Amino acid sequence: MKTIHIFILFVLLAIIQLSIPAHMIFKRESILKTGTAFKFKTQPVDPSDPFKGKYIFLNYDLSTIKTENKDWKRDQDIYISIANDSIGFVKATSASLKEPKEGLFVKAKVNWYSVHDDSLRFSFPFNEFYMEESKAYDAEIAHRNAQRDSLPNNTYALVFVKDGDAVLDNVFINEVPIAKFVEQ
């Protein structure tokens, strides 16, 4: 009888351990399928982490917004309301401490607030793009060269947004996914 209880407990723990990562995966897949796509202009760097592997760290052009609220604290969770600008890239329309009731928004963290010019600097949680290790360095070089190109807005990250959650789908150079761009 004791063995049956142990077996049932083992099965329940296994189900719980599998359901948590499965829920996280399905949530991200749902965002990719039903979320709204936005183009975020990027400025990547290529760090290496012994635990994470090779990835491109993405800095976004969208990292500040003017705001009259002065009650911002470093590392505070905030909500950035977003929309597309006239050429199809994301722009911030407002920042709030509370989740907006309507419209599209992304969770972010406060970096700092400047009283001098009423600007709030923030960072997004989707700033790491993982790649095959052999391509990450070449991707960083390709991106740096593309930034020097005379074509404006030729590098961006495609991010899907739904209910404040965001999933980084891919990074593009001249409308080509960065992994394919490196292969060319």
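Derivation of every value follows stated rules applied to the coordinates shown; laboratory data play no part. Model, not experiment: these values are computed from the prediction. In this analysis, Cβ positions are derived from the backbone assuming ideal geometry, glycine residues included, and neighbour counts consider all displayed protein chains.
Name the residues whose placed amide hydrogens come within less than 5 Å of the amide hydrogen of E128, ignoring near sequence neighbours (fewer than 5 apart) on the same chain.
Distant-sequence amide H within range of E128: L58.
Between K33 and Q17, what length comes free when the chain is fully extended (0.36 nm per residue of separation minus the Cα-Cα distance, one decimal in nm)?
Answer, rounded to one decimal: 3.3 nm.
Return a whole-number percent for the relative contact order of the chain, with Cα pairs under 8 Å and 6 or more residues apart as the contact set.
24 percent
Would you mind checking the tilt of helix 2-34 against the longest principal axis of the Cα atoms of the chain, expressed as 0 to 90 degrees and rounded to 10?
Approximately 20 degrees, to the nearest ten.
In a shell of Cβ-Cβ distance under 14 Å around A83, excluding A83 itself, what net charge do Lys and Arg (+1) and Asp and Glu (-1) give?
0
D for the chain, whole µm²/s, Stokes-Einstein with Kirkwood Rh over alpha-carbon pairs at 25 °C and 0.890 mPa s: what number?
The Stokes-Einstein estimate is 132 µm²/s.
Among residues other than R28 whose Cβ falls under 15 Å from its Cβ, what is the net charge (Lys/Arg +1, Asp/Glu -1)?
It works out to a net charge of -1.
Helix 133-148 versus the longest principal axis of the chain: what is the Cα-based angle in degrees, 0 to 90, to the nearest 10?
Between helix and principal axis, roughly 20 degrees.
So how strong a dipole does the chain carry about its Cα centre when Lys and Arg Cβ are +1 and Asp and Glu Cβ are -1, to the nearest 20 debye?
440 debye
So which of K39/K70; K66/K101; K109/K135; K27/K66; K70/K91; K41/K101 end up more than 23 Å apart by C-alpha?
K39/K70; K109/K135; K27/K66; K41/K101
If you take every DSSP beta bridge whose two residues both sit in segment 36-183, what share of them, in percent to the nearest 5, is antiparallel?
95 percent
Along the charge dipole of the chain, pointing to its positive end and built from +1/-1 on Cβ of Lys, Arg, Asp and Glu, which listed residue (G88, S114, Q147) has its Cα farthest out?
Selected residue: S114.
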